[in-house]
Structures are given as C-alpha cells and as structure tokens.
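Worksheet: the structure to be examined is printed underneath.
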Amino acid sequence: MYVVVHHRVTDRETFKSTDPRDIAGNAPDGVEVCYFLPARDASAADCLWQTKSLDALREYLDPATSGICENTYFEVDSGFAMGLPATVSAPV
C-alpha cells in the first residue's frame, strides 16, 4: 500500500540539519520512501511511502521524527491516484 505522510515541522533547525536519507535508510523491511517533498521554508514536508501496513510506518516514523514534526497519515487510493511511482512494483 501507499501512504502519504504530512509532516508539520515544529523544529525547523533540527529538520534542516537532519538528512532525510538517514530516516529513509533506517526504515524497517517492507517500509520504503518513494518521495520526500519539503517546503522551501522548512515549515512542512510531504512524503509518499510504500509499506505493508500503515501501523508499521507510523511505529517507525513517529519516534524517528519525534520533537521535529507532527505527522498525519493517510492511505492512498491507488486505483484513483495519479502519478504513483512507475519504478515501484505493484503495492504490497
């Protein structure tokens, strides 16, 4: 499944000094980031993840971004979506 996460940044300095590849690279098996889209002013970011379950993503990402962002999650309706990654295989 695909999940979008909206990050409302609460600590801009820490957000700007954190390498998003570290967070993505430490994700558990079955959890993979497809897109990371930060706002130019570091006030927010949106990410598209592929994951086996929303709970698995939330259990990893909330602690990884604690004190930096407040996260909101929603499962993507893959049948109605546009622009999902072509290089990623069918949703798990």
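List every residue pair whose Cβ atoms lie under 7 Å apart, where the two residues are 6 or more positions apart in sequence or sit on different chains, the first residue falls within segment 66-92 and is within 19 Å of residue 39 (Cβ to Cβ) and acidic (Asp, Glu), and the second residue, located anywhere, is in a loop (DSSP other than H, G, I, E, B) and modelled with pLDDT of 95 or more.
From residues that are within 19 Å of residue 39 (Cβ to Cβ) and acidic (Asp, Glu), the pairs are 70/10.
Got a number for residues in segment 1-12 being under 14 Å from the mean Cα position of the chain (by Cα) and more than 29 Å from residue 79 (Cα to Cα)? Even if it seems obvious, please write down each step before you answer.
Narrowing segment 1-12 to residues under 14 Å from the mean Cα position of the chain (by Cα): 1-9.
Now drop any that are not more than 29 Å from residue 79 (Cα to Cα), which leaves 9.
Here the count works out to 1.
Residue 3 fails exactly one of the following numbered conditions: (1) in contact with a Leu (Cβ under 7 Å, 6 or more places away or on another chain); (2) buried (at least 16 other Cβ atoms within 10 Å of the Cβ); (3) not in a strand (DSSP E or B). What is the number of that condition?
Going through the list (1) in contact with a Leu (Cβ under 7 Å, 6 or more places away or on another chain); (2) buried (at least 16 other Cβ atoms within 10 Å of the Cβ); (3) not in a strand (DSSP E or B), residue 3 breaks only (3).
Got a number for residues in segment 13-31 being over 13 Å from the mean Cα position of the chain (by Cα) and surrounded by 14 or more Cβ atoms within 10 Å (Cβ to Cβ)?
Qualifying residue count, segment 13-31: 3.
Determine which single condition residue 92 fails, assuming it passes every other condition in (1) modelled with pLDDT of 95 or more; (2) within 22 Å of residue 26 (Cβ to Cβ).
In the conditions (1) modelled with pLDDT of 95 or more; (2) within 22 Å of residue 26 (Cβ to Cβ), residue 92 misses (1) alone.
Would you check which residues across segment 50-77 are closer than 18 Å to residue 17 by Cβ and among the aromatic types (Phe, Trp, Tyr) and list them?
Listed by number, the list is empty, since nothing qualifies.
Could you give every pair whose Cβ atoms fall below 9 Å, whose first residue belongs to segment 24-51 and is more than 23 Å from residue 81 (Cα to Cα), and whose second residue is among the polar types (S, T, N, Q) and at pLDDT 95 or above, counting only separations of at least 6 or pairs across chains?
Hits for this filter: 27/51.
The values are calculated or read from the model by the stated rules, or taken from the named source; none is laboratory data. This one's a predicted model, so the numbers in the text were calculated from it and none came from an experiment. In this analysis, Cβ positions are derived from the backbone assuming ideal geometry, glycine residues included, and neighbour counts consider all displayed protein chains.
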